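One structure is given below, encoded as structure tokens.
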Amino acid sequence: MTSRLKMFFRASMLLLMFLSVEVQADTLNDIIERGTLRIGVSLFVPWTMEDESGKLSGYEIDVTEKVALDLGVEPEFIVYKWEDIILALRKGEIDIIAGGMAITPARALKINFSDPYADSGISLATNTKMTRNINSLEELNKKNIIISGVSGSVSYELATQLFDKANVKAFKTSKEATDAVVNGEAHAYVATSPQPKFLALKYPQKIDIPMTKPLISYKAGFGIKKGEQEWLNFLNAWITARTADKWLSATHKHWFEGLGWRKGTPK
């Protein structure tokens, strides 16, 4: 390689590095310049809920409204079916996924995750009448047993592994999946905590929680597009600050341990 070619190669690499830094900063700058933070959510109790008028509430709503406030912009919420939310982020329709999304290696190949901002788990709710003669998880793993879950979720993937002999049915929304177990169309429903517990509280005569502990635990993080380092840096700094001042833990306690908010949600 001649000295002239070497100089051209080095200059090209420096230019690419410079452009890369500029691109990484664009998303955060765009949010601030636009004045809105576009937030992708999906309906899972109590992460995000929607009343009859279309008003959203829940843990993720409070959290991302606080993120937007600290950014000095307005939040704009867009509701997606869970199986569509990562694609929406990658297509640029939203700036962030806030859905109690479990941080997994498989998802990290498609998107970047922030540091964890919430702990959660995956639990089981059963139809009391349909499972009255079932006394163990092993007895749920039979071909005549129907397990409901939300397609594309970690809960659904876990159900297919734990109950590989059962009929694990995928539904597009949590409402469809919960309706199946409540209406006797499925023996059990596998979902992120505390959905099963709240389902049992809502339908105490129909739904039971057979296990006191979750099937597994996981860490939830914000999802953002690949290559957005400046945006990721801000979110991680925000999580660090709101963890230190106890705002995140207090908000999590309100939605996941308290029941006062249930008075204002649809029955």
Matching residues, segment 37-83, being polar (S, T, N, Q) and surrounded by 16 or more Cβ atoms within 10 Å (Cβ to Cβ): Ser42, Thr48, Ser57, Thr64
In segment 95-128, what count of residues is obtained for those that are touching a residue at least 60 places away in the same chain (Cβ under 8 Å) and not in a loop (DSSP other than H, G, I, E, B)? 20
Picking from Ala180, Ala191, Ala220, Ala186, which residue would you name as being touching a Pro at 6+ places or on another chain (Cβ under 8 Å), of a type outside the set (Lys, Arg) and farther than 18 Å from Ser57 by Cα? Ala220
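Conditions (1) surrounded by fewer than 16 Cβ atoms within 10 Å (Cβ to Cβ); (2) modelled with pLDDT of 90 or more, marked per residue:
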site: Ala186; (1), (2): no, yes
site: Thr192; (1), (2): no, yes
site: Gln205; (1), (2): yes, yes
site: Trp231; (1), (2): no, yes
site: Thr243; (1), (2): yes, yes
site: Trp247; (1), (2): yes, yes
site: Thr251; (1), (2): no, yes
site: Glu257; (1), (2): yes, no
Within the group Leu56, Leu87, which residue is of a type outside the set (Val, Ile, Thr) and out of contact with any Ser or Thr (no Cβ under 9 Å at 6 or more places or on another chain)? Leu87
Residues of segment 165-184 that turn out to be modelled with pLDDT of 95 or more and not in a helix (DSSP H, G or I), as a count: 9
Scan segment 168-190 residue by residue and report those that are farther than 9 Å from Ser148 by Cα and hydrophobic (A, V, I, L, M, F, W, C). Val182
Read through the list (1) surrounded by fewer than 24 Cβ atoms within 10 Å (Cβ to Cβ); (2) in contact with a Pro (Cβ under 8 Å, 6 or more places away or on another chain); (3) hydroxyl-bearing (Ser, Thr, Tyr); (4) not in a loop (DSSP other than H, G, I, E, B), then give the number of the only condition that Thr131 fails. (4)
Just to verify a result, which residue in segment 211-229, among those that are more than 10 Å from Asn112 (Cβ to Cβ) and crowded, with 18+ Cβ neighbours inside 10 Å, is farthest from the chain's Cα centre (by Cα)? Tyr218
From the option list Ile86, Ile103, Ile97, single residue qualifying as crowded, with 21+ Cβ neighbours inside 10 Å and among the aliphatic types (A, V, I, L, M) is Ile97
Do we find a residue being over 25 Å from Tyr80 (Cβ atoms), out of contact with any helix residue (DSSP H, G or I) (no Cβ under 9 Å at 6 or more places or on another chain), in a helix (DSSP H, G or I) and not assigned by TED's automatic domain parsing to the domain that holds Gly40 anywhere in segment 219-239? no
So which residues in segment 27-37 are assigned to a helix (DSSP H, G or I) and within 13 Å of Asp95 (Cα to Cα), if there are any at all? Thr27, Leu28, Asn29, Asp30, Ile31, Ile32, Arg34
Taking segment 38-79 as the search range and keeping residues that are hydroxyl-bearing (Ser, Thr, Tyr) and in a loop (DSSP other than H, G, I, E, B), which one is nearest to Phe198 (Cα to Cα)? Ser42
Among the residues of segment 137-145, are any of a type outside the set (A, V, I, L, M), under 19 Å from Asp84 (Cα atoms) and at pLDDT 95 or above? no
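The values are calculated or read from the model by the stated rules, or taken from the named source; none is laboratory data. Owing to the predicted nature of the structure, the values given are computational and were not obtained by experimental measurement. We place every Cβ from the backbone using ideal geometry, glycine too, and count neighbours over all the protein chains shown.
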